[in-house]
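The values are calculated or read from the model by the stated rules, or taken from the named source; none is laboratory data. Being a predicted model, the structure only gives us computed values, none of them experimental. Glycine also receives a Cβ, built like all others from the backbone with ideal geometry; neighbour counts cover every protein chain displayed. Ligands, DNA and RNA are excluded from the accessible area calculation, which covers all protein heavy atoms including side chains. Shrake-Rupley method; radii C 1.70, N 1.55, O 1.52, S 1.80 Å.
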Amino acid sequence: MPTPILHKERLIPGKTSKLVLHAPEIAAKARPGHFVMLRMSPAGERIPLTIADADAARGEITIVYLVLGKSTALLESLEAGDAIPDVCGPLGRPTRIEKLGTVICVGGGTGIAAMHHIARGHSRAGNHVVAIIGAREKQLLLFEKELSGFVDELVICTDDGSYGRKGLVTEPLVERLAAGGVGEVVAVGPVPMMAAVSKATRPFGVPTTVSLNPIMVDGIGMCGACRVTVGGKTKFACVDGPEFDGHQVDFDELRRRLAAFREQEATSFDRYRKEQPHGN
Ligand SMILES: Cc1cc2nc3c(=O)[nH]c(=O)nc-3n(C[C@H](O)[C@H](O)[C@H](O)COP(=O)(O)OP(=O)(O)OC[C@H]3O[C@@H](n4cnc5c(N)ncnc54)[C@H](O)[C@@H]3O)c2cc1C
Ligand code: FES
């Protein structure tokens, strides 16, 4: 069924937008960690996007996406008042949220939006939440205002030092871990960032959860596209995850599998851009 777009906010013009959708059935069941699969046309590919927020009372869910290729560019062409032809969810297993004391939530790039939902779940469970967020530069930083409304500590890092601390999120993470008393670390963001976070937490023996983003086709465990290796065993991220123990994930394999269709994706995006009236 078409899902109406109630509100659109361009967070980083041309790159990243936030959509609030009227999806009461999904909103009623959505928990932190869940995602939706959406399709822009009956013959189009399905793409997974994390539920960055959900309001059951209002029947709304929020998604935040980075424009990367054809499907996200088609999504970006829609405005408030339009509808997404096909949205299915909530999918995946929700985040395991327990009272743990201090939880550090690390977010990078667009992953900050997904991490925000998880961080709020931990905050509501009574945990002391430390959020560490990072982006290449100030303009690319998302959800600072939303996070600062409920987290107990917020650390901001930019690669170029244009805002917050200069450097990678792993630096303040290690400092905070060295201070002790951390029950869990959760990381959502680019694969190299999640791999680096898992490497950084390992010597401290702190349980580390990462949210994996392999290519998905059906999102319901039937096609095998989202296969990942965790602790030497095959898992399907759409039904067994997308969150897994970062100390057990084979990140090199994930990186290779994500790049498997790069040529076809580039061809499809180029064709789409050429078809646009302004050629962009
Ligand atoms: C559980 C999960 C949650 C995600 N949540 C978000 C989110 O909240 N916001 C966001 O911006 N992105 C999210 N992603 C990634 C998002 O699905 C891809 O960026 C999107 O599918 C790209 O499609 P495209 O056609 O625009 O780009 P394409 O040109 O087709 O692909 C660009 C890159 O996106 C990835 N990708 C392509 N197709 C898929 C697919 N079917 N499934 C997964 N990855 C794919 C590949 O790495 C590829 O190289 C999530 C992925 C997963 C698995
Ligand atoms: S996307 Fe098909 S099995 Fe997970």
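Here are some notes:
- Each stretch of four or more DSSP H residues adds -39500 (n - 2.57); spread over every residue of the chain, this sum gives -7500 deg cm²/dmol at 222 nm.
- Maximal additional length on extending the Asp152-Lys166 stretch stands at 2.9 nm, based on 0.36 nm per residue less the C-alpha distance.
- For the stretch 5-109, the convex hull spanned by the alpha carbon atoms encloses 112 Å³ per residue.
- Among the trypsin sites (Lys or Arg not before Pro) within the stretch 54-139, those in coil by DSSP and having at most 15 neighbouring Cβ atoms inside 10 Å are Arg58, Arg96, Lys99, Arg136.
- The stretch 40-132 - percent of accessible surface contributed by carbon and sulfur, probe 1.4 Å: 50
- For the stretch 1-53, size of Cβ-based charge dipole, Lys and Arg +1, Asp and Glu -1, in debye: 100
- DSSP bridge pairs, the chain: antiparallel proportion in percent, nearest 5: 60
- Using alpha-carbon coordinates, inclination of helix 111-124 to the longest axis of the chain, degrees: 50
- For the stretch 39-96, the set of GluC sites (Glu not before Pro) satisfying both a DSSP loop assignment and a count of at most 14 other C-beta atoms within 10 Å is given as Glu79.
- Taking a ≥ b ≥ c as the square roots of the eigenvalues of the Cα gyration tensor, the stretch 144-280 is classed as oblate, since a/c reaches at least 1.5 and a/b does not exceed b/c.
- Between the stretch 127-194 and the stretch 234-280, the alpha-carbon centres lie 24 Å apart.
- Relative frequency of Cα-Cα separations exceeding 18 Å in the stretch 147-220, percent: 49
- Computed lengthening from Ala225 to Phe261, 0.36 nm per intervening residue step minus Cα-Cα distance: 11.8 nm
- Using Cβ point charges alone (K and R +1, D and E -1), the dipole size of the chain about the Cα centre works out to roughly 260 debye.
- Whole-number Å³ per residue for the convex hull built on Cα positions in the chain: 130
- In degrees, nearest ten, helix 191-201 long axis to first principal axis of the chain (Cα): 10
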